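Right, one structure below, let's go through it.
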4 protein chains.
Amino acid sequence: MHVSELQQLLRDFSAEREWQRFNTPRNLALALVGEVGEVAELLQWLTDAEAAQIATASGDDAERLRQRAGEEVSDVLAYLLLLADSLGVDVERAFTDKLAANAEKYPVHLARGSAAKYTDL
Amino acid sequence: MHVSELQQLLRDFSAEREWQRFNTPRNLALALVGEVGEVAELLQWLTDAEAAQIATASGDDAERLRQRAGEEVSDVLAYLLLLADSLGVDVERAFTDKLAANAEKYPVHLARGSAAKYTDL
Amino acid sequence: MHVSELQQLLRDFSAEREWQRFNTPRNLALALVGEVGEVAELLQWLTDAEAAQIATASGDDAERLRQRAGEEVSDVLAYLLLLADSLGVDVERAFTDKLAANAEKYPVHLARGSAAKYTDL
Amino acid sequence: MHVSELQQLLRDFSAEREWQRFNTPRNLALALVGEVGEVAELLQWLTDAEAAQIATASGDDAERLRQRAGEEVSDVLAYLLLLADSLGVDVERAFTDKLAANAEKYPVHLARGSAAKYTDL
């Protein structure tokens, strides 16, 4: 699906419930923080090794964790797209512009394999 | 653009720089928090009324603020999509599943215009 | 109570439960984010005017909100102090040093009443 | 120093600069998020092992990292204490109440050494 389709689904969802007036930039920024907090809670007591296995592990526990991760990521994405809307941001254009700027900022031949660049990201 | 295209751009960007090993769930969750912090900084001293005008105001200041908002939203989106990848989450599927679950949780005829539902969101 | 007493209470609490090995910098940073997310949720759908009344309003609803705010602030503080411990940070010293640095950065005669300084905070 | 002394220093700092009107609950919650974002950035690309060494490592790099960690922790603490003020929260009382509640929720003989309890924390 296009990003713009996801946004339209969210707009329709809000409009049907007459929730648009709650969708202000500061409300949505705080709501975004709430959902990012739930992503953090999911990972807070796992070791790096345990967290790395979530993507591929089999079994009920892993499946449940992946499921919950999907829900939290979706909540963050929903509030992020609504926030972009509330700020008049064209997400696709902003995204590709930013990626182009980063490509210039971190040239392949200088950035390769180095975490150093990250300090300025 | 499809969400999956954005994800592919990010994967290519990381692969070219050999940064994949940095893209672990906990690294990306912390990076996501860093970028959400920048979104928050953008809005922290604005009144609700001032923030509401960002989307539509004209003039250099408004244009600059919208531009910066676009950059921060893009950074959050980039880390969110990389995080989803690192967790084995299919973003489109998780998103539409979650929206369907929310539609059931907040039926239109009950939720209309009420902020009450938000307390359980 | 002294900040150091609060820290000692937290250390004892962890030690009694043999939880010290969970108290690593990155675990605690993520846990801190989780609790900050709960603070944000508390305020996300309130208007600025409604939020400003929490401190002084009377009645059961206001009392309940203030109670919950106290719990969330405490959770953030607990993880922040444990995080400081895990990073070898002397909180009181760091705090007074930072305040002195800010006093120099924002001289009273220049900063008075202006939100402009905030952009560089 | 007492927590209340830290709070008084912050109140004086704000009053001298006539910044009190900026210290609203939602402004301070967003500012808190901004500073937590900087804590996260400090730790985002470190391994758990690298982060664990910050507290005790010697050398200029370690010293610099510890110094910066102290600054970020201080910024988070400052906004947290101002936020508590803006919400009418008595920090010391809320903190000791919450710790007592947690002591009941996680009895020593059940919680010892187990990360399981964390899922409900």
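Each value in this text was obtained by applying a stated rule to the coordinates, not by laboratory testing. Note that the structure is a prediction, hence the values are computed from the model and not measured. Glycine also receives a Cβ, built like all others from the backbone with ideal geometry; neighbour counts cover every protein chain displayed.
Over chain A, what is the mean sequence separation of C-alpha contacts under 8 Å (at least six apart), divided by residue count, expressed as relative contact order in percent?
In percent, rounded to a whole number, it is 35.
Once you've got the Cα coordinates, tell me which of A:98/B:98; B:98/C:98; B:105/D:105; C:98/D:98 are over 32 Å apart.
The answer is B:98/C:98.
Give me D:104, D:35, B:50 ranked fewest to most by other Cβ atoms within 10 Å of their Cβ, as a rough exposure proxy.
D:104, B:50, D:35
Per DSSP H run of n ≥ 4, the term is -39500 (n - 2.57); total these for chain C, divide by its residue number, and report the mean residue ellipticity at 222 nm rounded to 500 deg cm²/dmol.
-22500 deg cm²/dmol
Gap in Å between the Cα centre of region D:1-79 and the Cα centre of region C:19-87?
So the two Cα centres are separated by 15 Å.
Does region D:3-88 come out rounded, prolate or oblate, given a ≥ b ≥ c as the square roots of the eigenvalues of its C-alpha gyration tensor, rounded meaning a/c under 1.5 and, failing that, prolate meaning a/b above b/c?
On the way: a/c = 3.05, a/b = 2.13, b/c = 1.43.
Prolate, because a/c is 1.5 or more and a/b exceeds b/c.
What is the sum of charges around residue D:71, taking Lys and Arg as +1, Asp and Glu as -1, for the other residues whose C-beta is under 9 Å from the C-beta of residue D:71?
Details: positive: C:98, D:68; negative: C:97, D:38, D:72, D:75.
The answer is -2.
Which of C:49, C:78, C:29 moves most in a GNM of chain C, Cα contacts under 10 Å?
Its mean-square fluctuation being the largest, the pick is C:49.
For chain A, set up a Gaussian network in which alpha carbons nearer than 10 Å are linked by springs, and say which option among A:99, A:80, A:32 fluctuates the most.
A:99
At a Förster radius of 30 Å, what calculated FRET efficiency corresponds to the Cβ-Cβ distance of residue A:5 and residue D:67, to the nearest 0.05? Could the numbers behind the result be given before it?
On the way: r = 48 Å, r/R0 = 1.59.
Computed FRET efficiency for residue A:5 and residue D:67: 0.05.
Looking at the axis that maps chain C onto chain A, which chain C residue has the closest Cβ, and how far off is it in Å, rounded to a whole number?
Rotation axis C onto A, closest Cβ, rounded to whole Å: C:37, 1.
Figure the gain on full extension for residue C:47 and residue C:112 (residue separation times 0.36 nm, minus the Cα-Cα span) and round it to one decimal in nm. Intermediate results must be reported in sequence, preceding the final value.
Values: separation 65, 0.36 × 65 = 23.40 nm, distance 2.65 nm.
Stretched out fully, the residue C:47 to residue C:112 stretch lengthens by 20.7 nm.
Could you pull out every whole DSSP H run in chain B that spans at least 15 Å of Cα extent along its own axis and averages -0.5 or higher on the Kyte-Doolittle scale?
Going by DSSP H runs, the hits are B:3-16, B:25-43, B:60-86.
Which distances, shortest first and in nm, link residue C:47 to the matching position in the other copies, using label points set 7 Å out along Cα to C-beta?
Here residue C:47 shows inter-copy label distances of 1.2, 5.3, 5.4 nm.
Trypsin sites (Lys or Arg not before Pro) within region C:27-121: which are DSSP loop residues with at most 13 other Cβ atoms inside 10 Å?
Sites meeting the loop and neighbour criteria: C:112.
Can you list the distances in nanometres, one decimal and ascending, from the residue A:14 label point to the identical position in each other copy, with the point 7 Å along Cα to Cβ?
2.9, 3.0, 4.1
What are the distances, in nm and sorted shortest first, from the label point of residue B:114 to the label points of the same position in each other copy, with each label point placed 7 Å from Cα along the Cα-to-Cβ direction?
3.8, 4.9, 5.8
Count charges around residue A:11 for me, please; just the other residues with Cβ under 14 Å from its Cβ, Lys/Arg as +1, Asp/Glu as -1. Kindly include the intermediate steps, with their values, before the conclusion.
Numbers: positive: A:17, A:21; negative: A:5, A:12, A:16, A:18, A:85.
Neighbour charge sum, excluding residue A:11 itself: -3.
May I ask for the net charge around residue A:46, where only other residues with Cβ less than 11 Å from the Cβ of residue A:46 are counted and Lys, Arg are +1 while Asp, Glu are -1?
In short, -2.
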